[in-house]
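Engineer: Following this message is one structure expressed as structure tokens.
Every number here is computed from the coordinates shown, using simple stated rules; none is lab data. Note that the structure is predicted; figures quoted are calculated from it, not measured. Here the Cβ positions follow ideal geometry from the backbone for every residue, glycine too, while neighbour counts run over all protein chains shown.
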Amino acid sequence: MRQEAVSDYFVVNGELCSTQHSEIFESLSQDSLYEVVKLVNGKPLFFEEHMQRFRASAASYLLIIPHSDEEISLEIARLSKQNQQLQINCKLLYCHQPDQDIFLTYMVPSEYPSPDSYTHGIHTILFSGVRENPNIKTLKGSFRYRVKSAREEANAYEALLTDGEGCISEGSRSNIFFVKKGMIYTPPAQTVLMGITRKHVMAICQQQGLKVVETRLHRDELAELDGAFLTGTTVDVLPVASIDGLQLDSMNCPEIRMIIEQYTQQMQSYLDNPGP
């Protein structure tokens, strides 16, 4: 695995190490599990929910994450202070090995959308391909690098994955929602990564009386949309302005504007409360 830690320090099994000495990354298995948490003013957003998902991924391999939530939270706080990084993504990585387990905590490059993206929306593309197991985050495979190359070539922020039938499953690093005639559509839970932000948006829709239909939309149905938006740890709730050559007026869609407002309030409420 290539070294992806940024800033001055990272943590290996509880020990602070310089990123100038990152040989440990070369020994990591492609089956390593990981979770990414966003720091906002130095606080890991929705930390407890991320840890629940991380531990569930490990349990699916009959593994147990070898640190408590409190220990990991303290590691993140220590790393944030040492690196003087308050607004960045933090990656937790667990590699189970016969001789010694490895647990890393480190800062990663964070491709946050520009402030203008939330008012003007972002460009996306369709990409043929699906992830083998979307609900378990591992380092395995070159899929994400092929998607990244396609995004960069098209100058797109995200790629929407389509299966062999032309149905959209999810974003390559996000969940996708569509709006049509006052209703919200999103791919079924069992076919996508169960995103933390996705869960909050689903709850907001229920609270606000918006009907959500969990179904895959075919690429030929996109022209009927009133709007679309992405959700994810890095993007929060982000309007989509275009999918390939199709233009969408997502930024003026009342349902999307309401969801963004409600999610922002939930996020601020979490950050204002004491905790991790």
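Engineer: Just rank K181, K38, K43, fewest to most, by other beta-carbon atoms within 10 angstrom.
Structural biologist: Values: K181 7, K38 24, K43 21.
Result, fewest neighbours first: K181, K43, K38.
Engineer: One quarter of the convex hull surface, Cα atoms only: what value does that give for the stretch 117-271 in nm²?
Structural biologist: So the mean shadow area of the Cα hull is 8.9 nm².
Engineer: Now a separate question. Work out how much length R2 to T215 would gain on full extension: take 0.36 nm times their residue separation and subtract the Cα-Cα distance, in nm to one decimal.
Structural biologist: Roughly 73.0 nm would be gained on extension.
Engineer: Subtract the Cα-Cα distance of Q30 and E111 from 0.36 nm times their separation in residues, and report this length gain in nm to one decimal.
Structural biologist: 26.9 nm
Engineer: Going by how many other Cβ atoms sit within 10 Å of their own, how do T162, T234, T124, T105 line up, fewest first?
Structural biologist: Ordered by Cβ neighbours within 10 Å, fewest first: T234, T162, T105, T124.
Engineer: Please give the FRET efficiency for V40 paired with Q97, using the beta carbon to beta carbon distance and R0 = 51 Å, rounded to the nearest 0.05.
Structural biologist: Plugging the Cβ-Cβ distance into 1/(1 + (r/R0)^6) gives 0.95.
Engineer: Which helices, taking whole DSSP H runs in the chain, have alpha carbons extending 20 angstrom or more along the helix axis plus mean Kyte-Doolittle at least -1.0?
Structural biologist: 69-83, 254-272
Engineer: Mind jotting down a quarter of the surface of the convex hull over the alpha carbons of the stretch 6-108, in square nanometres, one decimal?
Structural biologist: Mean orientational projected area (the stretch 6-108, Cα hull): 6.0 nm².
Engineer: Give, as a single signed number, the net charge of other residues whose beta carbon lies under 14 Å from the beta carbon of E111, with Lys and Arg counted +1 and Asp and Glu -1.
Structural biologist: Here the charged neighbours net out to +2.
Engineer: Separation between the Q206 and D69 pseudo-spin-labels, each 7 Å from Cα along Cα→Cβ, expressed in nm?
Structural biologist: Spacing of the two 7 Å Cα→Cβ label points: 1.9 nm.
Engineer: Exposure proxy check: V240, V212 ranked by fewest other beta carbons within 10 Å?
Structural biologist: With the fewest neighbours first, V240, V212 line up as V212, V240.
Engineer: Between the stretch 224-276 and the stretch 173-217, what is the separation of their alpha carbon centroids in Å?
Structural biologist: The stretch 224-276 and the stretch 173-217 have Cα centres spaced 11 Å from each other.
Engineer: Okay, moving on. Net charge within 15 Å of F46 by Cβ-Cβ distance, Lys/Arg positive one each and Asp/Glu negative one each, not counting F46 itself? Before the final figure, lay out each step's value.
Structural biologist: On the way: positive: K38, K43, R53, R55, R198, K199; negative: E35, E48, E49, D69, D236, D272.
Net of charged neighbours comes to 0.
Engineer: In the chain, how many lysine pairs have Cα atoms under 24 Å apart, counting only pairs 8 or more places apart or on different chains?
Structural biologist: Eligible lysine pairs with Cα atoms under 24 Å apart amount to 23.
Engineer: Okay, next question. Treat the chain as a sphere of radius equal to its Kirkwood radius over Cα pairs and apply Stokes-Einstein at 25 °C in a medium of 0.890 mPa s; give the translational diffusion coefficient in µm²/s, rounded to a whole number.
Structural biologist: It diffuses with D of about 126 µm²/s by this estimate.
Engineer: Report relative contact order for the stretch 6-108 in percent, whole number only (criteria: Cα-Cα under 8 Å, sequence separation at least 6).
Structural biologist: 39
Engineer: Using a Förster distance of 45 Å, how high is the FRET efficiency between E15 and F143, based on the Cβ-Cβ distance and rounded to 0.05?
Structural biologist: On the way: r = 32 Å, r/R0 = 0.71.
So the FRET efficiency works out to roughly 0.90.
Engineer: Quickly work out the L62-to-A154 label distance, labels modelled 7 Å from Cα along the C-beta direction, and quote it in nm with one decimal.
Structural biologist: Going by the 7 Å Cα→Cβ label model, 4.1 nm.
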